[in-house]
Amino acid sequence: MYKLLHMNDVVRIPPEKFGAPLEQVASEVLRTSYEGVVMREFGAVLAVLNVTVSSIGKILPGDGAIFHKTTFDLLVYTPLIQEVVEGEVVEVTDFGVFVRIGPMDGLVHVSQVMDDFITYDEKRGALIGKESQRVLEKAIPVRARIITVSLSGGASRSSKIGMTMRQPFLGAMSWVEEDLKKARGEPVKKADEKASNEKK
């Protein structure tokens, strides 16, 4: 879920920036501090917006900089448990697939991919269902549900998001379309028929 948070902070303006416009310098400092960082309580920070700086600053003993109070908005992405998200498969391994959901990647463990026996095709870089012949490989758009979230402050790579696709109308978007057609009683082409038709 994307959110816009209103924040307050104190910004240190270094002496070499004294001649530049105050709001411009404060915006640069805040962007450097916040953008691209994962905050445990809020999620991944995407952008710093609407910066307002107090014109009165403070000088602290032993520091040549000036400290100004600021207010600003943070655009953040917060992964929520039970949220249904859409993304793209960015990596396939023998233990599952990594899906890019906005600014972060989540893992769909192999046990949560589908209700079928799954084999890993290393050459192709794909997970394949034995009976359904459904294939999951890089660049396929998918829909999944978030089931675990563990955010750690700092870089987004150290945070962990676990997801499932073993529920109705989740999985590769082509699977979702097939399931919707089945639910409406429409005829559905099997995965192997589609592949042969696409090659023609």
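Side notes on the structure shown:
- Residues of the range 21-72 satisfying the condition of being part of a strand (DSSP E or B), in contact (Cβ under 8 Å) with a residue 60 or more places away in the chain and of a type outside the set (K, R): V38, M39, G43, A44, T70, T71, F72
- Looking across the range 110-119, just one residue is part of a strand (DSSP E or B) and surrounded by fewer than 16 Cβ atoms within 10 Å (Cβ to Cβ), and that is T119.
- Selection status of G106, part of a loop (DSSP other than H, G, I, E, B) and either outside the structural domain of Q167 (by TED's automatic domain parsing) or at pLDDT 90 or above (or both): no
- Qualifying residue in the range 126-133 (condition: touching a strand residue (DSSP E or B) at 6+ places or on another chain (Cβ under 7 Å), over 29 Å from A44 (Cβ atoms), surrounded by 18 or more Cβ atoms within 10 Å (Cβ to Cβ) and among the β-branched types (V, I, T)): yes
- Test set (1) at pLDDT below 95; (2) farther than 15 Å from K69 by Cα; (3) not polar (S, T, N, Q) - L49 fails condition number: (1)
- Taking the criterion of being surrounded by 11 or more Cβ atoms within 10 Å (Cβ to Cβ), in contact (Cβ under 8 Å) with a residue 24 or more places away in the chain and not β-branched (V, I, T), the residues of the range 1-20 that qualify are M1, Y2, K3, L4, L5, M7, D9, R12, P14, F18.
- Considering each residue of the range 38-53 in turn, at least one proves to be under 25 Å from the mean Cα position of the chain (by Cα), within 30 Å of R12 (Cβ to Cβ) and basic (K, R).
- For the range 46-71, filtered to residues that are within 11 Å of E23 (Cβ to Cβ) and small (G, A, S), the residue that is surrounded by the fewest Cβ atoms within 10 Å (Cβ to Cβ) is S55.
The values are calculated or read from the model by the stated rules, or taken from the named source; none is laboratory data. All values reported here derive from a predicted model rather than from experimental measurement. Virtual Cβ from ideal backbone geometry, glycine too; neighbours counted across all protein chains shown.
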